[in-house]
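Presented below is the structure to which this report refers.
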Amino acid sequence: MSDQTVIERIRQHDVLNVGVSLGFKGLSFRNVLHNCWEGFDIDLARAVAVAVLGDVGKIHYMPLQSGDRFRALRDGVIDLGSFNSSITFQREAESDVSFVHPMLFDGEVLMTPASNLLEPVEQALYTRERRIAAMRGSTTEENLKRYFGHLNLSCEIRLFDSPTQARQAYQQGECNIYCLDSYLLAGERAQLQDKEAHIILQDRISLEAMSPAVSSHDTQWLKAVTWIMRTLIEAENLQVTSKNILEMSQEATGYLHTFLYPSEQHCKNLGLRPDFIRAIIHQVGNYGEIFQRNLGKYSELNQPRRDNNLWSQGGMLYSPLFI
């Protein structure tokens, strides 16, 4: 490993190398028409680029299969993993990666054609056949074995390297159940030719906390990305948005001023630009804005926030203090 820090490497090359998924609508999806990447995970990466380089555009995206993600982080091929990965004990223990602040609370669910249900009850217990499409290298296979074992139901799990392969196998009938995290599955369902004929069942296979990931070998970078993520949450908590950031910056007093104008020395210690908080909110927005435009009410998916609301609104999101 080089003695050069991750932030020094990023600044030297003037680009942030980001690992993303192979393409999940709403999370990280390449818009071929506009030749750009978009989604929730993409906006998290854009916030990091702003904080370090001052520009949302200075990112090189690298689509990675699930099995290659953590190796790319460990080997320094990418600086940041923003690929909707679940935080697990095994991954942090084995992979030389560290997860930053949890940014999406979700869980795996099942989709099946309505014709695969024995009765009009939207539960796995009432499925006729169970050939399940899942992603290789994810937590899904283990979760499915545990869940269907608990129900005392047999199932055949078929693993795929990309969401395109899994979706095609499901659409063509090779598999008759598709298992993914619920926000991801909503995006996959939206791309089916006959989406109204497919039902997302009530079963919750797992509870997952997702987070961007970084190499464990650079504590400065781990701290920096962690506080960048917390910035997005605390900005929403303080009701600072991309639309009012200029006004709020001018009028800020007390804790709001402390948040928007952090100590330059503290920023320097973490390798962040002194204006990183204001710049992130101005160029990317707060957590709520990011969620709603990619997954929520302003998106094609139109998904509820559920646990991804602020703690004050019954959700699980909150940030430690910026003092």
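Please determine, by comparing only the residues of segment 60-90 that are of a type in the set (Lys, Arg) and open to solvent by 30 Å² or more (accessible area, probe 1.4 Å), which one is nearest to LYS145 (Cα to Cα). Can you show your working first?
Step one: of segment 60-90, the residues of a type in the set (Lys, Arg) are 69, 71, 74.
Now drop any that are not open to solvent by 30 Å² or more (accessible area, probe 1.4 Å), which leaves 71, 74.
Values: ARG71: 26, ARG74: 29 Å.
The residue in question is ARG71.
Entry remark, segment 5-59: residues being more than 17 Å from the chain's Cα centre (by Cα) and more than 15 Å from ALA224 (Cβ to Cβ) number 14 in total. The single condition among (1) modelled with pLDDT of 95 or more; (2) open to solvent by 10 Å² or more (accessible area, probe 1.4 Å); (3) farther than 23 Å from ALA279 by Cβ that LYS25 does not satisfy is (1). Contact annotation: residue pairs with Cβ atoms under 6 Å, 6 or more positions apart or on different chains, pairing a residue in segment 54-75 that is at pLDDT 95 or above with a partner that is open to solvent by 30 Å² or more (accessible area, probe 1.4 Å) and of a type in the set (Lys, Arg), are GLY54/ARG273; VAL56/ARG46.
So which of HIS217, HIS198 ends up being under 30 Å from GLU122 (Cα atoms) and in contact (Cβ under 8 Å) with a residue 24 or more places away in the chain? I'd like the intermediate steps shown before the answer.
Working: HIS217 fails: under 30 Å from GLU122 (Cα atoms).
Just one listed residue meets the conditions, HIS198.
Under the condition of being assigned to a strand (DSSP E or B) and closer than 21 Å to LEU185 by Cα, which residue from segment 28-59 is most open to solvent (accessible area, probe 1.4 Å)? By that ranking, first place goes to ARG30.
The values are calculated or read from the model by the stated rules, or taken from the named source; none is laboratory data. The shown structure was predicted, so the numbers you read here are calculated from the model rather than taken from an experiment. Backbone-built Cβ (ideal geometry, glycine too); neighbour counts: all protein chains shown. Side chains included, ligands, DNA and RNA excluded: accessible areas come from the protein's heavy atoms. Shrake-Rupley method; radii C 1.70, N 1.55, O 1.52, S 1.80 Å.
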